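Peer 1: For reference, the structure I am asking about is given below.
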Amino acid sequence: MFYLSSVTDILGSGKAYGIFNVKWLHISSVTTFAIGSAICGAAPTMDALIVGRVIAGIGGGGMYLGNLNLITLNTSLRERSVYMGGIGIVWGTGTILGPVVGGSFADSRATWRWSFYINLVIFALMIPAMILIPSYQPQPGVPTLIKLKQLDWVGALLNAGLYVSFVIALTFGGTTWAWGDGRTTGTFAACFLILILFSVQQYFSILTTPANRLFPISFLKSRTMILLYTASAAAGTALFIPVYFIPLYFQFSRGDSGLQAAVRLLPFICVDITFVMGQGILMPLVQYYFPFYLISGIFAVGGGALMYTVTATTSASAIYGFTVLIAVGAGIGSQAAYSIAPVKVHQSKISDSIGFINIAQIGGIVLALSISGAVFQNTAFGSLTKVLAGLGFSERDVRSAIAGSKSAVFEGVSEEVRARAIEAIVQAIGKTYMLVVVAGSVALVSAVLMKRERLRMEISTGGA
């Protein structure tokens, strides 16, 4: 599993797309995703399902970067942001239809396995289109073995360990393990040690070269690239915390089923993809990019602050209104840097720039969901324990109640206690939106510090 995570890091960094044939690496990623989906659909055990999900994740990461690189290579700079916005529309459509289609399969004779098998049907239908994609070979004439040696395998392994240790520490810390438990402390210590090792390995290009190292350190000399990195991470945070917690809020406060709660995302996703596309259309016309991040930050801060105040009795229309504000901010900021960064670097660094922004976006999402999950779990557990004190419920019962509104805990208490318990959990959900406020503030600061310059409509031949 750890090795597979390293492969994902290599694809996610965009390095592979600067070495191998872009078309065929993309097709290989899509095929890997299909294989992972097939394994998931046929999985006889949970372990098999996890393996399938990891394989599908590797393919999905490479597929996403492949789309971005193919768009960059096959569009003009003036139209690129529109196509980048199109990726946001496809993502949003999938986010809306995924839970609906998956829930329909689960509730019908088709079973949940068709939630994965349907990917194979789509894969088969898309094969002709993939074959017609123009081919691009960034290193013609270089043998495959030499290309494989160019990949920074040590950096990828350390980067995978960094993310894995951080997520494990926050996932288990304060829940399965106490914060003072040696396992929690040890995992955080391991994360810190790996961070140091990764930084040293990348800085000194140990067992790799400056040109091939996983993280493009040269971009850290560019004020613009650093600010695009932080703003992209912030936009990813503002986007995914609502995606995760909006359905959870409605499951607890309204007793929605998983399918009904997922449908509640519809206003958020529709507004998000509208503004992703709108930003893509407007940026080539406006040409100044800092105002987009300024507006993105303002809306994220406002919407996040309002969601922090919600209670179990807050009306659904108010929730939609508050989260739509976040959707505006996230939509404006989430895809913009993929169009800006390639313009700000030398032509030879375009694939690296896309990977750089992808590291920011995916890294921001991982950190945001890990931290928000820890905030929710620990806050909800503390509050719910107080509400249920003296009623004979064990710690395991309380954890079960946090995991789902259909828990036996909610069925075996009075209406008054149940209302207080739900309010405690909703308050814990509200606290996660402080991360959206912080993310919006980061986007605002980044926007203020960005250059007041027009977006150059030719490829850069120098620094940023």
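Quick note: the coordinates plus some simple rules give every number you see, no bench work behind them. Every value quoted in this text rests on a predicted model; they were computed, and no experiment measured them. Note that each Cβ is placed from the backbone with ideal geometry, even for glycine, and that neighbours are counted across all protein chains shown.
Peer 1: Would you please state which residues of the range 131-155 a label at Q347 would reach in this model, taking the label point 7 Å out along Cα→Cβ and a backbone N cut-off of under 16 Å?
Peer 2: 136-140
Peer 1: Can you give me the angle between helix 77-107 and the longest principal axis of the chain, using Cα atoms only, in degrees from 0 to 90, rounded to the nearest 10?
Peer 2: 40 degrees
Peer 1: State, to one decimal in nm, how far the label point of T385 lies from the label point of T176, with both points 7 Å from Cα in the Cβ direction.
Peer 2: Once both label points are built, they end up 1.9 nm from each other.
Peer 1: I need to check one value: relative contact order of the range 97-217, counting alpha carbon pairs closer than 8 Å and at least 6 residues apart, in percent.
Peer 2: Value for the range 97-217: 23 percent.
Peer 1: Further question: How far is helix 316-334 tilted off the main Cα axis of the chain, in degrees rounded to 10, range 0 to 90?
Peer 2: 20 degrees
Peer 1: Let me ask something else about it. Return the subset of K221/K349; K23/K451; K23/K349; K23/K147 for which the Cα-Cα distance in this structure is over 24 Å, preserving the input order.
Peer 2: Distance filter (> 24 Å) returns K23/K451.
Peer 1: Hey, could you grab the Kirkwood Rh for the range 289-396? Inverse mean 1/r over distinct alpha carbon pairs, Å, one decimal.
Peer 2: 17.1 Å
Peer 1: Separate question: Between the range 126-142 and the range 80-99, what is the C-alpha centre distance in whole Å?
Peer 2: One Cα centre to the other: 23 Å.
Peer 1: For the chain, what is the mean residue ellipticity at 222 nm derived from helices alone (per DSSP H run of n ≥ 4: -39500 (n - 2.57); sum divided by total residues; nearest 500 deg cm²/dmol)?
Peer 2: Computed mean residue ellipticity for the chain: -25500 deg cm²/dmol.
Peer 1: Same structure, new question: Rounding to the nearest 10 and keeping the result within 0 to 90°, find how far the Cα-based axis of helix 153-172 lies from the longest principal axis of the chain.
Peer 2: 10 degrees
Peer 1: Of the peptides 56-68, 230-242, how do they stack up when ordered by the mean number of other Cβ atoms within 10 Å, highest first?
Peer 2: In decreasing order of mean packing, 56-68, 230-242 become 230-242, 56-68.
Peer 1: To continue, here is another question. Ranked by Cβ crowding within 10 angstrom, fewest neighbours first, how are R213, R452, R420, R113 ordered?
Peer 2: Sorted ascending by nearby Cβ count, the order is R452, R113, R420, R213.
Peer 1: Only counting other Cβ atoms within 10 Å, I'd like C191, C40, C270 sorted with the fewest neighbours first.
Peer 2: Least to most surrounded, the residues fall as C270, C191, C40.
Peer 1: With the contact rule set at Cα under 8 Å and sequence spacing of 6 or more, what percent relative contact order holds for the range 21-137?
Peer 2: 35 percent
Peer 1: Which one of A56, A38, T75 has its Cα pushed farthest toward the positive end of the charge dipole of the range 21-137, where Lys and Arg give +1 and Asp and Glu give -1 at the Cβ?
Peer 2: It is T75.
Peer 1: On to the next question. Which value in nm describes the separation of the simple spin-label points at S394 and V121, placed 7 Å from the Cα toward the beta carbon?
Peer 2: Between S394 and V121, the simple spin-label model gives 4.3 nm.
Peer 1: Tell me, what is the percent relative contact order of the chain, built from C-alpha pairs under 8 Å that lie six or more residues apart?
Peer 2: Dividing the mean separation by the residue count of the chain yields 22 percent.
Peer 1: Given the options G297, G173, Y244, identify the residue whose Cα lies farthest towards the positive end of the charge dipole of the chain (+1 on Cβ of Lys, Arg; -1 on Cβ of Asp, Glu).
Peer 2: G297
Peer 1: Just name one of F356, G404, A421: the one whose Cα is farthest towards the positive end of the charge dipole of the range 338-446 (beta-carbon charges, Lys/Arg +1, Asp/Glu -1).
Peer 2: Of the candidates, F356 comes out farthest on the positive side.
Peer 1: Could you work out the equivalent-ellipsoid semi-axes for the range 216-464, taking the square root of 5 times each eigenvalue of the Cα gyration tensor, largest first, in whole Å?
Peer 2: 41, 17, 13
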